[in-house]
1. For the range 625-667, just say rounded, prolate or oblate: build the C-alpha gyration tensor, square-root its eigenvalues into a ≥ b ≥ c, call rounded for a/c under 1.5, and beyond that prolate if a/b exceeds b/c, oblate if not.
2. State the dimensionless ratio Rg/Rh of the chain (Rg: radius of gyration of Cα atoms; Rh: Kirkwood radius).
3. Could you list which residues have their amide H under 5 Å from that of VAL316, counting only those 5 or more apart in sequence or on another chain, with H placed in the peptide plane?
4. Which shape class, rounded, prolate or oblate, goes with the range 217-257 when its Cα gyration tensor gives a ≥ b ≥ c as root eigenvalues, a/c under 1.5 marks rounded, and past that a/b bigger than b/c marks prolate?
5. Taking only the alpha carbons of the range 328-454, what extent do you get along each of the three principal axes, in Å, biggest first?
6. Enumerate the amide H contacts of PHE235 below 5 Å, restricted to partners 5 or more residues apart or on another chain; note that Pro and chain-start residues carry no placed amide H.
7. Please state the relative contact order of the chain as a whole percent: Cα pairs under 8 Å, 6+ residues apart?
8. Please list, by residue number, every one of the trypsin sites (Lys or Arg not before Pro) in the range 495-560 that is coil in DSSP and has at most 13 other beta-carbon atoms within 10 Å.
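Read-outs throughout are calculated quantities, based only on the coordinates presented, and are distinct from any laboratory measurement. Quantities reported herein were computed from a predicted structural model and do not represent experimental measurements. Cβ atoms come from the backbone with ideal geometry, glycine included; neighbour counts cover every protein chain shown.
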Amino acid sequence: QVSLKLGCGNLKLPVLTQRKNFAPLALSWMSPSSAAGFEGVSDRSDLQDFSVCSSDSFWAAVARQRLSWIRPFHTVQDCDLSQGRIRWFEGGKLNVSVNCLDRHVHTCPERVAVIWERDEPKSEVKLSYRQLLEMTCRLGNLLRRRGVKKGDCVTIYMPPCPLAVASMLACARIGAAHNVVFAGFSADALAERIRDAQSSTVITVNQGVRGGKVIELKKTVDAAIQSCPTVQQVFVAMRTENPVVMTAKDVAMEEEMAKEDTVCEPAGMDSEDTLFLLYTSGSTGKPKGLVHTQAGYLLYAALTHRYVFSYHDGDVFSCVADIGWITGHSYSVYGPLANGGTTVLFESTPIYPDPGRYWEMVQRLKINQFYGAPTAIRLLLKYGDKWVHKYDRSTLKTLGSVGEPINTEAWEWYHRVVGQGRCPVVDTWWQTETGGICIAPRPADPDAEIVPGMAMRPFFGIKPVLMDTEGKVVTSNDTSGALCIAQPWPGMARTIHNDPQRFTETYCQPYPGYFFTGDGAYRSKEGYYQITGRLDDVINVSGHRIGTAEIEDVLCSAVAESAVIGFSHSIKGQGIYAFVVLKKSIDVQEADVTRQINDMASKKIAKYACPDYIQFAQRLPKTRSGKIMRRVLRKVVDSELEGLGDLSTLDDPEVVQEIIQGHHDLL
Ligand code: PRX
């Protein structure tokens, strides 16, 4: 018996070899230069061209080589971006968990699949592929026994831990979709996502532990499901020793898993069946559940993981994002596991117990690729080099950055101090919608030049284009525009759950025939890309994407009117600045309203949604038709008073002076 201590819940895993053979596939590491003998391809730069110009041939060959199919696909793609139709590898059947687990168990069962870097330093837990498969199978059987069926959607509200990964893979094994909700979200935000996904099953832990603090996750689930009539059962794993009150709906997860068989028949899934929903923010108040499907997503996550980071067999890969975000999905779970890699799940924070946490972990776990967010790098930079120098980072080969622009100072510190000037820094641009990395410095050539702070080059099969204000493709270099992608790729989201029209309107209609990313970009003289930021009302706070309308929705019950904008913040990238007008009828103190706003933002969304500044105003600048002129507010906050622009459409230009004065008083 192997005793696997997962926090407190002890799960005994009998030492078994799998009894059934699920169509193993030897994973052949494709060398891109000899890529399946593509015609005319002699080097990696040819391969990049080939992947775009002969996209179907490229993706067909890679899909056959990289994925293990139960039944081969008959059509590479059937896409029409102008209609919002995106379908890849139709006719094919496969199981994602088999691709991530079984085939590696056949070749290397004892290879470490997951290293769980728990919040408590130096207490990591390692799981082999065999152990992770067994855990997944037990959970798959349990879910099946408790009535979860193919096509259902299970909500997972857990911090990064092996049971969370097993939960995702167990859903994939039995054909259920998963909906992972970031465990920092409030009960209200969780409830909204459970309701939209219509989940009848939720998986959680009794308590989370982060930065030495205990977080009451089960209590949050209890509160959330009060307003979720679909929920019939909640699986509760034990992360801490503290008992929780169990209700009639609750299932003691480890106890029940221990009764299950370690073999679980995988469901044969169509390529286009849903693998997961993942909610993200848009420019309206309602988060959107983006739908990702089986084969295309997995293939794209695997290929980008392999090439962007130059991941090689035996490397230890560490993506420190939470599994509640797309980065955690693609680069903590699916990409590395599809590649038979070893992935680190990071449960803690960059400064717990001290600002050396990441680098002590790099030394202890011998990490080869480290993938993190600029906001953490900026924070650590402020603590100084000594926290980095204390630890041996000689195992590091590639450093990655994701989620927001990385400023030059942070890029250079990451490169020079953390990477000792010898590790390439790959600034990777992508989104929940794109499924995987789309623009990054080294998809094709591991020795290619890298310009600090630039995402640089498109990945295989990606054709970025910039659009001008008239909606025409900009062909010249050294220019900026709205970033679109000109042809479909397998990893892209297929639709928005319950709202296909919003998908088409948001991504496909602004520039018909192109996928619109919502970001602006600059293309340099050399043709390299740099992301300049969102073009819509979405802001990025410490790499967390949030719609200004979402925050305004929360504020509207406390104040008469509000306008929320993002501003440049030295650590968080962007901060939240709220202009509010108090209700006239009620006699309230500003301090009380401030407290109320912060309480509501954390209760309805998450802590990171609390405004950094709240400016109380008598009125907001509006056009004669009553539209708030956010452009003016942004300029005031950015101290760009010269560039206020045309104010002639303002209802009352005097209001601008009031706003400027109020801003000065606040700072
Ligand atoms: O604005 C871009 C920014 O993050 C947005 C996507 O957020 P989300 O869906 O939460 O996914 C984050 C992780 C992939 C993008 O529209 N963004 C992401 N990566 C970068 C970036 N901005 C600049 N540089 C990046 N490398």
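1. Prolate shape, in that a/c is at least 1.5 and a/b is the bigger ratio.
2. Using Cα coordinates only, the ratio equals 0.96.
3. Answer set, sorted by chain and number: ASN368, GLN369.
4. Verdict is oblate for the range 217-257.
5. 36, 30, 25
6. VAL202, ILE203, THR204, VAL251
7. Values: 1490 pairs, mean separation 79.0, N = 667.
Normalised by residue count, the contact order of the chain is 12 percent.
8. LYS525
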